[in-house]
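Taking it in order: structure first as structure tokens, then the write-up.
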Ligand SMILES: Nc1ncnc2c1ncn2[C@@H]1O[C@H](COP(=O)(O)OP(=O)(O)OP(=O)(O)O)[C@@H](O)[C@H]1O
Ligand SMILES: [Mg+2]
């Protein structure tokens, strides 16, 4: 793919990305910094006062604790999953991931249902600890997944060589931990960014955080410049937190694909069923319990809540389906192009778009496209697609780049020596060998997009109905059983999509060479 | 006899590390097997990659059949037009293709219509016909090496480059591959440049030997000559 012509073409696409998605973000930041200097300066002063200061503190407390807790618990689960021989391992792994596939607002409704049902005090339910708890249950799978991938990359021979010389404790702290440190850091930062951006959970639990503050400034008071000033502060906070760990974030593979060339060291635990029980308890508590609660709550009182909610949400299904799928197609193609270009600056640009909190992305897109000249875009679902791309292209590109890196250069060299043109090698070698990564990137983009609320709630045009937005707006005035029923419906919708994707994976991507 | 391969004042560096420093040599068309010897890191693989066009020397010129294939840091003829077969150190079998598909890859590109027969013939000759529908990860190390050899031979290259094709093999399989290579040289008039660590074998098998040391050619001549050489760095390396 290195002929000059294709290269120009790829860079042209990068340029289109830069103009449609990067430029709005940059313009917002520059505007806040320079154009409205005086105005913004006043706004900055008001930001660091009373309530607002408290919302910043809340945001930080929530996202730092969520990051820390998710990484600690995720490491434990990852260890059990990769290093100890357990029955039903693959199924356990899939179920563990489930909470991540569910939009966070569904999880928060489910847990609130449970707490109300179990008679917890309202002061607990509608408070910071419960937001941390819910976000942690959502993001534990993410850290467990990344960390277990990195544990799989530690070869048995390294561990065994260490064990010949010292105790297992030393091996763990001196060999394993340093090797998985990048994964620990990058999952922490990833989760931090995702939870700082999180809007639905704190808003549902009436906790005032920075994102809800910006949202209120923007939608209730129509105070653009105050919202923008807030947005800038939040963005800066994110950048400051990310900065020390940016290398880890760029270098850690988020997923590990295919067969490993080395063996993984397994430990035969004395009592493996204890670990199995730990796992099972985790899954029952954090996966089945909330789902059960949704089911119980939505059948409470009238039996019609579920039917009614399906009816209410029906128009949202097709829009959500079409928009998330088409965004995922764009995200995957762009991700492949960016991964093929392997450019450092491009890496940082993608990290930047990801690090900008979702509400800020929303405001940036509105400010940029809601102008007479560009209104033809603003009024359409294109803005939603831009929002999804901006939010999730970083993650998808990382997944695809990881897949590409795992193809030894000698494959392409062998093909080229045998007479294959660059395009032929791309089609016959590179593309089939990255298909798993492409599929994973596509799948991830769909799942994250279905759950996205913070950015799209700002930009969705009239006439377009998205599942997350619709549930969020309807739930403001709906009785609890109706809210639960809507969430159950959304859950079913997500599960059906996951199911379809898995079927597609097993039929289209059937790979005999992976087996054996 | 005509010259098939010529290196003229070629220099190749990676950063500050000059791996091959101003080397020149010629190989004639009927030479047969040329063994490339040298310590680990002496540039053996790099030499083969230069000839294949996968690396470009920053100085000097390389000729194949009298035609300039690269000159002054530019590839003039790209790898896929040089008619060279290459067996890589890691074999580079395509994991998503079967044995048959791997071997057919180069032939299909040449738009040969009866490629199936050609592939089946070589599978039988190499005694791996029963494995034709297996994927590379279902083969033993030795079987993989046979497939890699078959794959690089079917397009009938004029030059075959092998990077330690018989490393890690048991004696029997090693003999078999050596015999196959000898047959091929006799029948097809092909030049084999073979990197190896086993210099005793190299002296026995090959008609010429090229030895690299510290970026220079320490020795280039026939196996008879290398046994009787007085060059100390060569005798030290060979331990004779
Ligand atoms: N792509 C590269 N980038 C930087 N340095 C390289 C690269 N390829 C090779 N080298 C360096 O060039 C030198 C020669 O490498 P080469 O692989 O040709 O050695 P070799 O003789 O084949 O060794 P071995 O017998 O161990 O395979 C080594 O010092 C190596 O570190
Ligand atoms: Mg080598």
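Brief remarks follow.
- Size descriptor, Kirkwood hydrodynamic radius, that averages inverse alpha-carbon separations across the stretch A:288-335, Å: 13.2
- GNM flexibility winner over chain B from B:214, B:26, B:111 (Cα, springs under 10 Å): B:111
- If the Kirkwood radius is taken over C-alpha pairs of the stretch B:98-215, then at 4 °C and 1.567 mPa s the Stokes-Einstein diffusion coefficient equals 85 µm²/s.
- Based on C-alpha pairs under 8 angstrom that are at least 6 apart in sequence, chain A has a relative contact order of 23 percent.
- Kirkwood Rh (inverse of mean 1/r, distinct Cα pairs), chain A, angstrom: 24.2
- Residue-averaged [θ]222 nm for chain A, counting only DSSP H segments that reach four residues, each worth -39500 (n - 2.57): -24000 deg cm²/dmol
- Short to long, the 5 Å bins of the Cα pair-distance histogram for the stretch A:108-155 hold 5, 19, 21, 15, 10, 9, 8, 6, 4, 2 percent of all pairs.
- Counting every pair of alpha carbons in the stretch A:371-516, the share spaced more than 23 Å apart comes to 55 percent.
- Rounded to the nearest 10 degrees, the angle from helix B:141-153 to the longest Cα principal axis of chain B is 80 degrees.
- Of all the options B:169, B:193, B:48, the one that moves most in a Gaussian network model of chain B with Cα springs shorter than 10 angstrom is B:169.
- Approximate spin-label separation residue A:374-residue A:68, in nm, with each point projected 7 Å along Cα-to-Cβ: 4.0
- Segment residue B:116..residue B:77, full-extension length gain: 11.2 nm, with 0.36 nm per residue of separation and the alpha-carbon distance subtracted.
- Rounded Å value of the spacing that divides the Cα centres of the stretch A:77-126 and the stretch A:213-254: 27
- Span from the the stretch A:453-492 Cα centroid across to the the stretch A:331-396 one, whole angstrom: 23
- Scaling against 2.2 N^0.38 Å puts the C-alpha radius of gyration of chain B at 1.01.
- Shielding score for B:226-232, defined as the mean number of other chain Cβ atoms within 10 Å: 0
- Nearest-ten-degree value, helix B:171-188 long axis tilted from longest Cα axis of chain B: 80
- Reducing the stretch A:264-295 and the stretch B:1-41 to their Cα centroids gives an inter-centroid distance of 61 Å.
- Relative contact order, whole percent, for chain B stands at 25, derived from Cα pairs under 8 Å and 6 or more residues apart.
- Top of B:58, B:164, B:208 by mean-square fluctuation, Gaussian network on chain B, Cα under 10 Å: B:58
- q = 0.12, 0.24 Å⁻¹, the stretch A:381-460: log10 I(q)/I(0) [Debye, one scatterer per Cα]: -0.47, -1.02
- Principal-axis tilt of helix B:115-125 within chain B, Cα atoms, nearest 10 degrees: 80
Just so you know, all these numbers are worked out from the coordinates, no wet-lab data involved. Everything quoted here is computed from the prediction, not taken from an experiment. Counting neighbours? That spans all protein chains shown, and the Cβs are built from the backbone with ideal geometry, glycine included.
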